[in-house]
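Below is one structure; the comments refer to it alone.
The values are calculated or read from the model by the stated rules, or taken from the named source; none is laboratory data. The shown structure was predicted, so the numbers you read here are calculated from the model rather than taken from an experiment. In this analysis, Cβ positions are derived from the backbone assuming ideal geometry, glycine residues included, and neighbour counts consider all displayed protein chains.
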Amino acid sequence: MKMNNSLHLITRASLRNNKFLSVLFCLFVVISTVFIVAIAGILLHMKNNIDTVLKQHVTLRQIVVEFDKGTTDDYIEDIVKKIKKVDHITDAYEPIGVVGVQDGDILKDSYQMDRVPVGGDLRITSGRMIDENESGVALVPDHINDLDTKENRINDIDGNKLVGKTLKFVDDANKTRKMKVVGAFSTFDPTIDNKTLFIPFADLSKYKSEVDKMFVADGASPNGKRSFILIVDRAENVETVADYITDNYIYSYVNYSSLNPNEYDTAILMLMLSLVLLVALSVVGFYVFLKNNIDRRTSELALYRSLGYKSKHLFRIIFSEHLIFALASFVLGVVVVAVLYAFVVNPFLDSLLGGTLMEISLSVDPVVTVLVLAVLILMMYLVCKRAVKRSEKIDLTVLLKNL
Amino acid sequence: MKFSNIRFLSKANIKRNKYNVSITVIVSLLVAAVSLISSYAVATVNAVNEYKASYRARSVTLNPFLKILTDDAIKAISNVEHVQSVEDVTGLDDKYPYNILNISGQNDGGKRLNKQLKTRDTYVTVEGLIGDEKKPVIAGKNLEESPTFSCIIPNLFYPFEDEGNIGYENLDYIDGTSLIGETITLKGDEGKILLPYNIVIDDGECTGYDANLRSKEIKLKIVGAFNCSSNTYGSFHHLFVSRDTQLQIMEKAMKNTGIDLSSNESDISKWWNNTSLHNYYVVADDYDNITSIYNEVSEMGYDISSFNNFSIKESTKIMADVLSTVGMFLLSAIFILAVILLLQSTNFSFNSQKSNIGLLKAIGYKNKYIFACMLYEQLFLVIRAFLIGAASSLVFVTVLNYIFSHKSYGEFIYIIDYSMLAAFLGIALALVTVIVAICEIVLISKIVKIQPREAMSAA
Amino acid sequence: MKTIELKNITKVYNNKVTALDNVSLTLCEGEFVAVMGQSGSGKSTLLQIAGLLDNCTSGSVIINGEDVSKLNTNQLADVRKNSLGFVFQAFHLNPHLKVYENIMVPMLINDRFKNKAEMQSRAMELVDKVGLTHRKEHYPSELSGGEQQRVAIARALANEPDFILADEPTGNLDSKNEQMIFEELKKLSEMGKGVLVVCHNDAILNFAEKVYNMKDGKFENE
């Protein structure tokens, strides 16, 4: 116990003795912490976004199966039922779209009506999502370029302001359809265009079958070519599942997507490597600071030895001294990062990536924080250990003569 | 004190300097960071800027579908603010897929391609340059200097059909420059060329139709090779010809199909001869002015596209922004840390040499000699560290360039030009030299203040 | 005659501690003078002032007839280069230079030496003089304490100074080496150099012609 009290005494005296260098050390720890934690947080969030949002985007998890013209509905239904039970298939649907020409005062152009994307992430910007049990409702894009052929102009319309209004369309079957706008969706996803309205599937099927009946009545043959889209649980499984379905049921192929997450991956890799350089520099910096601080006190350590202090006591003195500063500086650094995120980084990233698939909002990542702290403490431990070990080799008589 | 003497003494001091390694590591890392981060950031930003400056990225299509485009209309649109020009693109604005029948095989490149033509299906497009659009070559001659029925070819030429490789990864490109001087024989895919044209229908409305023209063989002389990248118009299967050549090709195809352009009897000949029914490109003076042109021309009641005629992926633009901003922030962070560390290291290094400085002063060395020795010491370390950092950067870039050259076409923007890397290495060298020199200059006052007596007691 | 004259030297540190109190001393060429005293007596301070390593609070230092108090830093450095040679307790050899290279260090700033060959030739001469010919290619870490001090003495002679000033030259040595070093220094005075040694060891009495005892900043002999 007595020895512990002496050590605290010495630690406190050391802290007072080396004020300037201690302040400099603290400043360095704060700056390094801010840079590393902030940038690592940004990159990890981006990487996570790419892995979860981009790489698993629904258009990268789709397989197409096509049934030739003349195939009976019963056969198609039977095959699709079996395919739905295949491992990793989460859903299967027939993409049907009906084109309707606006016949009202609100919108003037023609629009595709479709079902809400299966397996995707539709972001509602105002109003609400449609309920599949509903009828006569629709979701509109939040931003619409509506072509008015009579006035020969294109009008920019804010879809959010259409919520609550009723739209009237005439479809290919010459039937007038009314639908109440219950919500608007964001077109942030590049695979969703602003010429599509989403309506309940039941309504869509009904409109489609009426259009088809009309075409058959006009002489088109029934049982035309039909295709289905299968949704796979994860993008990594798509090729395997497509091969399995081709081997066992019907020819299938991976649906083309305009997204290429690999491009994002490359840029993130570049930034990660830059972060590694930054971390390496910080590690060197810590080493330089710690080494210098301790080297300056080699004589002091030798003196303590001559008094009977052992290596473990010396280690405790040096390590605890630096740990106090490092921890305090680290905490300050993390607070600075949190403030930076809130007032600088997030607004900036929003201006850069807001409204795109890559949009992110940052907060201090506990894993990164703990990791950086762990590296810091480990480094300190190793340098202090080495310094104490070096001091064991000094010839005390020579050293003390030169004091 | 002679330079050789300074060198002699400094070299010994370098060996005894405990901070050698840390200074070397810091400078190497800084050099690597400056050269690599800057190179990749600039490469992506340059790619986007090059795209934005390109002719087709600054142009949008003007159609006669809402209102026909009389001479007065064209004049009025030309006078809209930020419109650089309005160009008639009739016969020029669509991509016509062709098959390669044969290449003359005068040199090795041509002979190799001929061999491959026997076993692989081909797919190329031929496009005519529009207005004052330029397509500079990196080898051979430009189209402006060449006769008609000349063409220029991409430096990375891939004329094959590759159904299974949607991402165009790992293609065995042909060096386009090896085909300069060859004559390439083409024919429209399935013997046809698709021609979109416009007519006025009964209710006075203008609408678009497509016609299939009969394609005969076309021989084009390859006169040059252009740089092919995903951020400039013209990919690895594009051949470019002059405007006149393209129009002659179209006229010949129409003649082959039995369309008499002088008669005005067919819809196509009526369209061909009536400029009011043509499609045009409206070229903006700047990429960022496209929206204002679109708004103004739409207000005038004309059918103008809001999308430019050549777009790169949103992901490329986003990543250029991210790499440049986050990358620059990273670089600043590294720079700040490196400066702090260099200041500290030179300071600590100086402190550890106080007794040596004192001895030299005692022997009779003047402050300027001591400073000269210390400066030489630091600059020697800097140069050595620079070489390590530069070598690391070079290896890194070489490896990555190799990897990216085998990835998808869109990732070619990450292939770094070695001259750019060299430029940034030069900047890095200047930077570290200045930083270290400043660190040493800061120490001058400390050197002067040291009394030999004080330094001696700090043994 | 070449001399170092210290006249009425007083040195006060921080306006509190009087290290030297009105001390005078003359060192002539060919003389071997020892200044002895306890720790804190002011003997090292005296040597530092004599060697122009420090300045005095009052008094004058005259070297070869020139009052050095009016000289600027560069001129003082020139005087040290041309007229004085130092030997220190802690040797202060560069561990990364060989024996003969360490001896060359003072010659690097002396325009008298036109090239490296001349410096090496002079260094070899001095190596022979101190009896270390067989060790000339060795590094200081490979030498004994006595040998290192002999190298330091050889270095002190590099620019053919008129005077040698030694501060506790045998402080880190055993008695055998101590004798050897004093003998070397004695040889130098016999060669015509003025030798001033600061020491607290009585062994010096066998070699020095004049001995000054210092106490509390003053000579006891006076």
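Restricting to helices (runs of 4 or more DSSP H) lying wholly in the stretch B:1-91: which have 1 or more residues that are within 14 Å of chain C (Cβ to nearest Cβ)?
Details: elements: B:3-16, B:20-53, B:71-78.
Fully inside the stretch B:1-91 and qualifying: B:3-16, B:20-53.
I'd like to verify a number: residues in the stretch B:348-364 that are within 8 Å of chain C (Cβ to nearest Cβ) and touching a residue at least 40 places away in the same chain (Cβ under 8 Å), how many?
Qualifying residue count for the region: 5.
Here's the yes/no breakdown for (1) over 29 Å from A:Tyr287 (Cβ atoms); (2) at pLDDT below 85:
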{"position": "B:Met1", "(1), (2)": "yes, yes"}
{"position": "B:Ser4", "(1), (2)": "yes, no"}
{"position": "B:Phe8", "(1), (2)": "yes, no"}
{"position": "B:Val27", "(1), (2)": "no, no"}
{"position": "B:Leu30", "(1), (2)": "no, no"}
{"position": "B:Ala33", "(1), (2)": "no, no"}
{"position": "B:Ala43", "(1), (2)": "yes, no"}
{"position": "B:Tyr51", "(1), (2)": "yes, no"}
{"position": "B:Tyr55", "(1), (2)": "yes, no"}
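Given (1) in contact with a Ser or Thr (Cβ under 9 Å, 6 or more places away or on another chain); (2) closer than 23 Å to C:Lys81 by Cα, identify the lone condition not met by C:Gln120.
Condition (1) is where C:Gln120 drops out.
Okay, residues lined up against (1) in a helix (DSSP H, G or I); (2) touching a strand residue (DSSP E or B) at 6+ places or on another chain (Cβ under 9 Å); (3) away from every other protein chain (no Cβ under 11 Å); (4) more than 30 Å from A:His57 (Cα to Cα):
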{"residue": "A:Ala242", "(1), (2), (3), (4)": "yes, yes, yes, no"}
{"residue": "A:Ser258", "(1), (2), (3), (4)": "no, no, no, no"}
{"residue": "A:Met272", "(1), (2), (3), (4)": "yes, no, no, no"}
{"residue": "A:Val279", "(1), (2), (3), (4)": "yes, no, no, yes"}
{"residue": "A:Leu301", "(1), (2), (3), (4)": "yes, no, yes, yes"}
{"residue": "A:Lys312", "(1), (2), (3), (4)": "yes, no, yes, yes"}
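For the stretch A:333-362, which residues satisfy the criterion of being of a type outside the set (A, V, I, L, M, F, W, C) and either over 19 Å from the mean Cα position of the chain (by Cα) or on the phi < 0 side of the Ramachandran plot (or both)? Lay out the reasoning, then the answer.
Kept after step one, since they are of a type outside the set (A, V, I, L, M, F, W, C), are these residues of the stretch A:333-362: A:333, A:341, A:346-347, A:350-351, A:354-356, A:359, A:361.
Correct list: A:Gly333, A:Tyr341, A:Asn346, A:Pro347, A:Asp350, A:Ser351, A:Gly354, A:Thr356, A:Glu359, A:Ser361.
Just name the residue that is farthest from the other protein chains (Cβ to nearest Cβ) out of those in the stretch A:244-256 that are of a type outside the set (Ser, Thr, Tyr) and crowded, with 16+ Cβ neighbours inside 10 Å.
Taking the stretch A:244-256 and keeping what is of a type outside the set (Ser, Thr, Tyr), we get A:245, A:247-248, A:250, A:254-255.
Filter again for crowded, with 16+ Cβ neighbours inside 10 Å, leaving A:245, A:250, A:254-255.
Numbers: A:Ile245: 17, A:Ile250: 19, A:Val254: 8, A:Asn255: 10 Å.
If we take residues in the stretch A:244-256 being of a type outside the set (Ser, Thr, Tyr) and crowded, with 16+ Cβ neighbours inside 10 Å, then A:Ile250 is farthest from the other protein chains (Cβ to nearest Cβ).
Is it the case that A:Val37 is under 30 Å from A:Val283 (Cβ atoms), within 14 Å of chain B (Cβ to nearest Cβ) and either without any contact (Cβ under 8 Å) to a residue 60 or more places away in the chain or touching a Lys or Arg at 6+ places or on another chain (Cβ under 8 Å) (or both)?
No; evaluated as a whole, the condition is false for this residue.
Residues B:Leu375, B:Leu429, B:Leu381, B:Leu360: which one is over 16 Å from B:Ile14 (Cα atoms) and in a helix (DSSP H, G or I)?
From the options B:Leu375, B:Leu429, B:Leu381, B:Leu360, the qualifying one is B:Leu429.
Can you pull out every residue in the stretch B:405-423 that is part of a helix (DSSP H, G or I), surrounded by 18 or more Cβ atoms within 10 Å (Cβ to Cβ) and aliphatic (A, V, I, L, M)?
Selection gives B:Ile413, B:Leu421.
Are there any pairs, at least 6 apart or on different chains, whose C-beta atoms fall under 8 Å, with the first in the stretch A:44-61 and closer than 8 Å to A:Pro261 by Cβ and the second assigned to a helix (DSSP H, G or I) and aromatic (Phe, Trp, Tyr), and if so, which?
Partner pairs satisfying both residue conditions: A:Ile50/A:Tyr264; A:Leu54/A:Tyr264.
Which numbered condition in (1) in a strand (DSSP E or B); (2) touching a Pro at 6+ places or on another chain (Cβ under 6 Å); (3) not β-branched (Val, Ile, Thr) is the only one that C:Leu53 fails?
(1)
With the structure loaded, tell me whether C:Ala19 is touching a residue at least 40 places away in the same chain (Cβ under 8 Å) and facing chain B (nearest Cβ under 9 Å) or whether it fails that test.
Answer is no for this residue.
If only one of A:Val65, A:Val80 is crowded, with 18+ Cβ neighbours inside 10 Å, assigned to a strand (DSSP E or B) and outside the structural domain of A:Val367 (by TED's automatic domain parsing), which one is it?
Numbers: A:Val80 fails: assigned to a strand (DSSP E or B).
Every option except A:Val65 fails the conditions.
Give all pairs with beta carbons closer than 7 Å in which a residue from the stretch B:399-417 that is at negative phi meets a residue that is basic (Lys, Arg) and not in a helix (DSSP H, G or I); count only pairs at least 6 apart in sequence or on separate chains.
Note: pairs meeting the criteria are B:Gly410/B:Lys313.
Looking only at the stretch B:247-283, how many residues end up being surrounded by 22 or more Cβ atoms within 10 Å (Cβ to Cβ) and polar (S, T, N, Q)?
1
Could you identify the single residue in B:Ile383, B:Ile363, B:Ile450 that is closer than 23 Å to B:Phe8 by Cβ and at pLDDT 90 or above?
Exactly one residue qualifies, and that residue is B:Ile383.
Within the stretch C:94-132, track down each residue that is outside any helix (DSSP H, G or I) and either aromatic (Phe, Trp, Tyr) or in contact (Cβ under 8 Å) with a residue 60 or more places away in the chain (or both).
Residue satisfying the conditions is C:Phe113 alone.
From the residues in the stretch C:95-119 that are buried (at least 20 other Cβ atoms within 10 Å of the Cβ), within 7 Å of chain B (Cβ to nearest Cβ) and not β-branched (Val, Ile, Thr), which one is farthest from C:Glu142 (Cα to Cα)?
Checked the stretch C:95-119; the qualifying residue farthest from C:Glu142 (Cα to Cα) is C:Leu108.
Yes/no matrix, rows are residues, columns are (1) farther than 29 Å from B:Met328 by Cβ; (2) modelled with pLDDT of 85 or more; (3) more than 14 Å from every other protein chain (Cβ to nearest Cβ):
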| position | (1), (2), (3) |
| --- | --- |
| A:Phe20 | yes, no, no |
| A:Leu24 | no, no, no |
| A:Ile31 | no, yes, no |
| A:Gly41 | no, yes, no |
| A:Asp51 | no, yes, yes |
| A:Leu60 | yes, yes, no |
| A:Glu66 | yes, yes, yes |
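Restricting to the stretch B:110-130, name every residue that is part of a helix (DSSP H, G or I) and either over 14 Å from B:Ile153 (Cα atoms) or modelled with pLDDT under 85 (or both). Quick ask: steps written out before the conclusion?
Looking only at the stretch B:110-130, we keep the residues that are part of a helix (DSSP H, G or I), and these are B:110-117.
Scanning the stretch B:110-130 gives B:Lys111, B:Arg112, B:Asn114, B:Lys115, B:Gln116, B:Leu117.
Among the residues of the stretch B:309-347, write down those that are polar (S, T, N, Q) and more than 8 Å from chain A (Cβ to nearest Cβ). So that I can check it myself, show each step before the final result.
Filtering the stretch B:309-347 down to residues polar (S, T, N, Q) leaves B:309, B:311, B:315-316, B:324-325, B:332, B:344-347.
Answer for the stretch B:309-347, where residues must be polar (S, T, N, Q) and more than 8 Å from chain A (Cβ to nearest Cβ): B:Asn309, B:Ser311, B:Ser324, B:Ser332, B:Thr346, B:Asn347.
Among the residues of the stretch C:145-188, write down those that are within 14 Å of chain A (Cβ to nearest Cβ) and of a type in the set (Asp, Glu).
Hits for the stretch C:145-188 are C:Asp167, C:Glu168, C:Asp174.
Hey, among B:Ile130, B:Ile199, which residue is within 27 Å of B:Tyr280 (Cβ to Cβ) and buried (at least 19 other Cβ atoms within 10 Å of the Cβ)?
From the options B:Ile130, B:Ile199, the qualifying one is B:Ile130.
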